[in-house]
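The values are calculated or read from the model by the stated rules, or taken from the named source; none is laboratory data. All values derive from a computational prediction rather than experimental measurement. Cβ atoms come from the backbone with ideal geometry, glycine included; neighbour counts cover every protein chain shown. Just so you know, the surface numbers come from the protein's heavy atoms only, side chains and all, with ligands and any DNA or RNA stripped out. Shrake-Rupley method; radii C 1.70, N 1.55, O 1.52, S 1.80 Å.
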Amino acid sequence: QVQLVESGGGLVQAGGSLRLSCAASGRTFSSYVMGWFRQPPGKEREFVAAISSSGGSTSYADSVKGRFTISRDNAKNTVYLHMNSLKPEDTAVYYCAKGRYAIVRLISAYDYWGQGTQVTVSS
């Protein structure tokens, strides 16, 4: 069983930055892929970014590439999402998730999810 707890969301002006954190329970954090997803108001959940178990490989949605950076600290069982140059369209509930296999963008490839943290970007 894995528990994931996100933090760091909030209200920010367009152009600003936020860092989301996701703390994971368990002793095998360093052995699995982690991902970030988001669900904008009235829309379906979508892939944002993912990182390999070692942190050596990453993947990003085109909409955030160059603005967001995913990273992890396996010693702290934590994955981060650094968000820069935020836009109003980045407003969403952000979720971290544990991947089943390799880095993929499919929601079905992730088996444990956090409760989400709200990010609101004002124009």
Legend entry - Solvent exposure of the chain as accessible area per residue, Å², 1.4 Å probe: 50
Legend entry - the range 80-93 - phi-based ³J(HN,Hα) in whole Hz, Karplus 6.51/-1.76/1.60, Gly and Pro as x: 10, 10, 8, 10, 10, 6, 5, 10, x, 6, 7, 4, 4, 8
Legend entry - Residues of the range 60-98 with amide N under 18 Å of a point placed 7 Å along Cα→Cβ from GLN13: 84-91
Legend entry - the chain, dipole about Cα centre (Lys/Arg Cβ +1, Asp/Glu Cβ -1), debye to the nearest 20: 200
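Hey, any idea what the orientation-averaged projected area of the convex hull of the chain's Cα atoms comes to, in nm²? All intermediate terms of the calculation are to be shown ahead of the outcome.
Values: hull surface 26.9 nm².
Answer in nm², one decimal: 6.7.
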Inset, instruction - Tabulate in residue order the Karplus-calculated ³J(HN,Hα) for the range 43-60, using 6.51 cos²θ - 1.76 cosθ + 1.60 with θ = phi - 60°, rounded to whole Hz; enter x for Gly and Pro. - result: 10, 7, 5, 9, 5, 10, 6, 8, 9, 6, 4, 7, x, x, 10, 9, 9, 9
Inset, instruction - Return the Cα extents of the range 30-82 along principal axes one, two and three, sorted largest first, each rounded to a whole Å. - result: 36, 20, 15
Legend entry - Number of Lys pairs (Cα under 21 Å; 8 or more positions apart or on different chains) in the chain: 5
Inset, instruction - Tell me the GluC sites (Glu not before Pro) within the range 1-85 that lie in a loop according to DSSP and have at most 13 other beta-carbon atoms within 10 Å. - result: GLU44
Inset, instruction - Leaving ligands, DNA and RNA out of it, report the carbon-plus-sulfur percent of the accessible area of the chain at a 1.4 Å probe. - result: 47
Inset, instruction - Quick one: what are the phi-derived ³J(HN,Hα) couplings along the range 104-114, Karplus 6.51/-1.76/1.60 with θ = phi - 60°, whole Hz, x for glycine and proline? - result: 9, 9, 7, 4, 5, 7, 10, 10, 10, 10, x
Inset, instruction - Report the relative contact order of the chain, percent, no decimals, based on alpha-carbon pairs under 8 angstrom and at least 6 residues apart. - result: 36
Inset, instruction - Based on alpha-carbon positions alone, could you give the equivalent ellipsoid semi-axes of the range 1-65 from the gyration tensor, as √(5λ), descending, whole Å? - result: 23, 15, 13
Inset, instruction - Counting only C-alpha contacts under 8 Å and six or more residues apart, can you give the relative contact order of the range 22-86 as a whole percent? - result: 30
Inset, instruction - Can you tell me how much longer the chain between ARG27 and GLN3 gets when fully stretched, taken as 0.36 nm per residue apart minus their C-alpha distance, in nm with one decimal? - result: 7.5 nm
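How much length is gained on full extension from ARG67 to SER123, taking 0.36 nm per residue of separation minus their Cα-Cα distance?
That works out to 18.5 nm of additional length.
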